[in-house]
Every structure is written in C-alpha cells, then in structure tokens.
Amino acid sequence: QESGARKFKQQHMDSNSRHLPNSNYCNKMMKKRKMTVDACKPVNTFVHESLTDVKAICNQRNIRCKNGQNNCHKSRSSMRVTDCRLTNGSRHPNCKYRTSPAKRQIIVACDKNRVPVHLDA
Ligand code: PAX
C-alpha cells in the first residue's frame, strides 16, 4: 500500500469507536496516532465509519479541492466524525486538544488508486 493511503488511515480513521468520545479522546488519539511528535498538528478530524464506506467516497464525482486540484470527492451521506482542535496556549510537547463530535458530509482527496490520501473538509 502506498504511503499516502497508509498515512490517511493512521491520521483520520477510527472506525471502531462506538460511543461518543469523552473529553480526553483527542489528547489520547492525537498522541497515539503520532500527530504530536515534531509539533502539535493544529486541527485533525477522525472518521468513525468503516474504511469501505470512506473509500467509497472516491467514487463520487470529482470536485475542486481547497488547493485548486480537482481530485476531491464529497460523501453522499453525513458521517460520524470527531474534530480535534489544539487549545490556545497549548505548547509542544504538551499538545492539548478540544474534542468536538459531529455528524456531517466530509470531503476527501483521492489518489490514482482511488483511495483517500487527504481530508479537505
Ligand atoms: P495533508 O498533508 O494535507 O495531505 P491531512 O489531510 O492529514 O494531510 P504528502 O506526501 O503526505 O505530503 N494530496 C493532497 N493534499 C491536498 N489537496 C489535494 N487535492 C491533495 N491530493 C493529494 C496528505 C497528502 O495528500 C496529498 C498531499 O500532498 C499529502 O501528501 O489541512 C491541513 C491538515 O489538517 C487536516 C487536513 C490536513 O491534514 P488544510 O489546512 O491544508 O486543509 N484537517 C483540516 C482536518 O483533519 N480536519 C479539518 O477540519 C481541517 C480544517
């Protein structure tokens, strides 16, 4: 598997969390998934749907991404997600995050193998 797809899974997929996340979810997950190693990643979204359903977003029609490329695709249905946002005043290596569960359509960028490699929105 190519590194872009592997990194997307590591940074954005958390299919098996069945319950609403508690307030410590992002603090634990951002560290566990290696997004606090060199710096605190400012914003990151975890998706609580199956990998099959998230990969299927790549079969939706192409739309323009925020960076101007056209390899983005929007999910047909809303998905269960958790947004992690770095709190003001949080300093590396003590990265502290606000945990915000939500349900919304997501936009991913897909590579030539039609697998997600970037989360656009
Ligand atoms: P990324 O580094 O942006 O993209 P992310 O999605 O986890 O990582 P490598 O080789 O790793 O550098 N790629 C693309 N990127 C952008 N746009 C298109 N169309 C595209 N096509 C392919 C991972 C890889 O995807 C490649 C890109 O070259 C990378 O390759 O968001 C910043 C980060 O925050 C996340 C999403 C981004 O991380 P921003 O500000 O650029 O939109 N994020 C952001 C999030 O998870 N949730 C959010 O709500 C927001 C706002």
Label Ile63 and Asp38 with points 7 Å out from Cα along Cα→Cβ: what is the distance between them in nm?
3.1 nm
For the chain, averaging the sequence separation of alpha carbon pairs under 8 Å that lie six or more residues apart and dividing by its residue count, the contact order in percent is 30 percent
Could I have the simple spin-label model distance between Lys112 and Arg6, label points 7 Å from Cα toward Cβ, reported in nm to one decimal?
1.9 nm
Which one of Asn70, Ser3, Met29 is farthest out on the positive end of the charge dipole of the chain, using unit charges on Cβ (Lys, Arg +1; Asp, Glu -1) and the Cα centre as origin?
Met29
From the C-alpha coordinates alone, can you work out the Kirkwood hydrodynamic radius of segment 53-112, in Å?
13.4 Å
Run lengths n ≥ 4 of DSSP H only: what is the helix-derived mean residue ellipticity at 222 nm for the chain, with -39500 (n - 2.57) per run over all residues, to the nearest 500?
-5000 deg cm²/dmol
Computed label-point distance, nm, for sites Ser78 and Ala56 using a 7 Å Cα→Cβ extension
1.9 nm
Any chance you could give the angle, 0 to 90 degrees and rounded to 10, that helix 3-12 forms with the longest Cα principal axis of the chain?
50 degrees
q = 0.15 Å⁻¹: log10 I(q)/I(0) that the Debye formula gives for the chain, counting C-alpha atoms only:
-0.67
Within segment 38-93, list the trypsin sites (Lys or Arg not before Pro) lying in a DSSP loop whose Cβ has at most 14 other Cβ atoms in a 10 Å radius.
Arg61, Arg64, Lys66, Arg76
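Coordinate-derived values only; no laboratory data. Here the structure is a predicted model, which is why all the values come from computation and not from measurement. Please note: Cβ atoms are built from the backbone with ideal geometry, for glycine as well, and neighbour counts cover all protein chains shown.
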